[in-house]
Amino acid sequence: MSVFEASDFDDHEMVAFCDDKTSGLKCIIAIHSTALGPACGGTRMYPYASTASALTDALRLSRGMSYKNAIAGIPLGGGKAVIIGDPAKDKTRPRLLAYADAINGFAGRYITAMDVGITPADMPVIASGTSHVAGYDQPGKSGGDSGPLTALGVFVGLKAAVKHRLGVDSTKGLTVAIQGLGKVGMGVARRLHSEGAKLIVADVNRETVRIAADTLDAKAASTDEIAATECDVFSPNALGAILNDDSIPHLHARVIAGGANNQLARDEHGEALKARNILYAPDYVINGGGIIRVAGQIFGWSDGEIEQRVLGIAGTLGEIFRRADSEGITTNAIADRIAEERMQAGMKPALKVAAAE
């Protein structure tokens, strides 16, 4: 089967298979769209069972970045790279430098950042071989850790969803079930606790659950039960595909708003949520704070401008919710439509000017 016949090929502009015999590097770099600017998306290192599964990941993730960047209103297209290998055993300096050289072959059409399996310690190594890299701490530049701003975007997006569905301006007194207490999930939990929300939390790491219980008065739930717990809001911040045929019938939340990627197992699960009158904040909209931080580093935005753009996630979601109600279709379908409209039209001049300042 050729790339063009792959089920997840969506008119991608370029897909490159990189094989460096000297270092042992095997990677796939996929550019979905550069309609709004150079493609940008993180590098994932994972021990894929096959090249086909690595290709599927690269195609899906790069397309997702096109939509995420467009809906965030930033002048970047969508791309993604996957390195085939176990980051605990196969990651070497020569391999990372060979990867940097592969990025250089795109002559600026692809800018990389961190994803699963690539750490802050790896980024300076990659950057020593290419300038087309962002999203890590660099002297004299804004940017770095995107976790806090991703959490901020999820928090204000969750509040926008609560206001639209529950008619309240605050989460005070509401019960929020949080799945995943990594940087984003814990950041969201702290903000919700400060506003007076009641928290139920779950994570595979028992220590983070203990910390949340001790410092945020959170109740612990098992990872198997958190999605179905009694709550006002369910906030997935861990695994993807959590909203599926098995989980949706058992949901009690009236709002779903979290930072996890690819929360819908399939697009039609948005219809299943709508049928149950559950308001879903599309994941790639609400978790856009991280890529906004990366864009800020690329284009030299101030910390203040970056934060204002992240706070704008609430307004974008408000528009999505209103259009979904008015047109009678799902929120994920409206989000896709807005992103596609922006890609087709190209970035508005005002946003181009702001990005260049």
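Of the candidates 57, 10, 19, the single residue that is within 24 Å of residue 333 (Cβ to Cβ), open to solvent by 50 Å² or more (accessible area, probe 1.4 Å) and in contact with a strand residue (DSSP E or B) (Cβ under 9 Å, 6 or more places away or on another chain) is 10.
Residue under question is residue 292, and the condition is that it be under 30 Å from residue 166 (Cα atoms), modelled with pLDDT of 95 or more, buried (at least 22 other Cβ atoms within 10 Å of the Cβ) and in contact with a helix residue (DSSP H, G or I) (Cβ under 8 Å, 6 or more places away or on another chain); does it hold?
In short, yes.
When you look at residue 64, is it modelled with pLDDT of 95 or more and either open to solvent by 10 Å² or more (accessible area, probe 1.4 Å) or closer than 17 Å to residue 107 by Cα (or both), yes or no? Let's see the steps before the verdict.
Details: modelled with pLDDT of 95 or more: no; either open to solvent by 10 Å² or more (accessible area, probe 1.4 Å) or closer than 17 Å to residue 107 by Cα (or both): yes.
So residue 64 does not fit the description; no.
Reported count of residues in region 100-112, each being of a type outside the set (Val, Ile, Thr) and in contact with a Ser or Thr (Cβ under 7 Å, 6 or more places away or on another chain), is 3.
Could you tell me which of the residues 212, 134 is among the aliphatic types (A, V, I, L, M), farther than 26 Å from residue 249 by Cβ, buried (at least 22 other Cβ atoms within 10 Å of the Cβ) and touching a residue at least 60 places away in the same chain (Cβ under 8 Å)?
On the way: 212 fails: touching a residue at least 60 places away in the same chain (Cβ under 8 Å).
One residue alone meets the criteria, 134.
Filtering region 147-201 to residues that are in a helix (DSSP H, G or I), touching an Asp or Glu at 6+ places or on another chain (Cβ under 8 Å) and either open to solvent by less than 20 Å² (accessible area, probe 1.4 Å) or closer than 23 Å to residue 72 by Cβ (or both) leaves 149, 152, 159, 162, 163, 183, 185. Residues that are out of contact with any strand residue (DSSP E or B) (no Cβ under 9 Å at 6 or more places or on another chain), part of a helix (DSSP H, G or I) and aromatic (Phe, Trp, Tyr) within region 296-348 comprise just one, 299.
Residue-wise test of (1) among the β-branched types (Val, Ile, Thr); (2) free of Cβ contacts under 8 Å to residues at least 24 places away in the same chain; (3) open to solvent by 10 Å² or more (accessible area, probe 1.4 Å).
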{"position": "268", "(1), (2), (3)": "no, yes, yes"}
{"position": "275", "(1), (2), (3)": "no, yes, yes"}
{"position": "281", "(1), (2), (3)": "no, no, no"}
{"position": "288", "(1), (2), (3)": "no, no, no"}
{"position": "302", "(1), (2), (3)": "no, no, yes"}
{"position": "309", "(1), (2), (3)": "no, no, yes"}
{"position": "323", "(1), (2), (3)": "no, yes, yes"}
{"position": "336", "(1), (2), (3)": "no, no, yes"}
{"position": "344", "(1), (2), (3)": "no, no, yes"}
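The values are calculated or read from the model by the stated rules, or taken from the named source; none is laboratory data. Note that this is a predicted model, so its numbers are computed, not measured. Cβ sites come from the backbone with ideal geometry, for glycine too, and all protein chains shown count toward neighbours. SASA here: full protein model, heavy atoms, side chains in, ligands and nucleic acids out. Shrake-Rupley method; radii C 1.70, N 1.55, O 1.52, S 1.80 Å.
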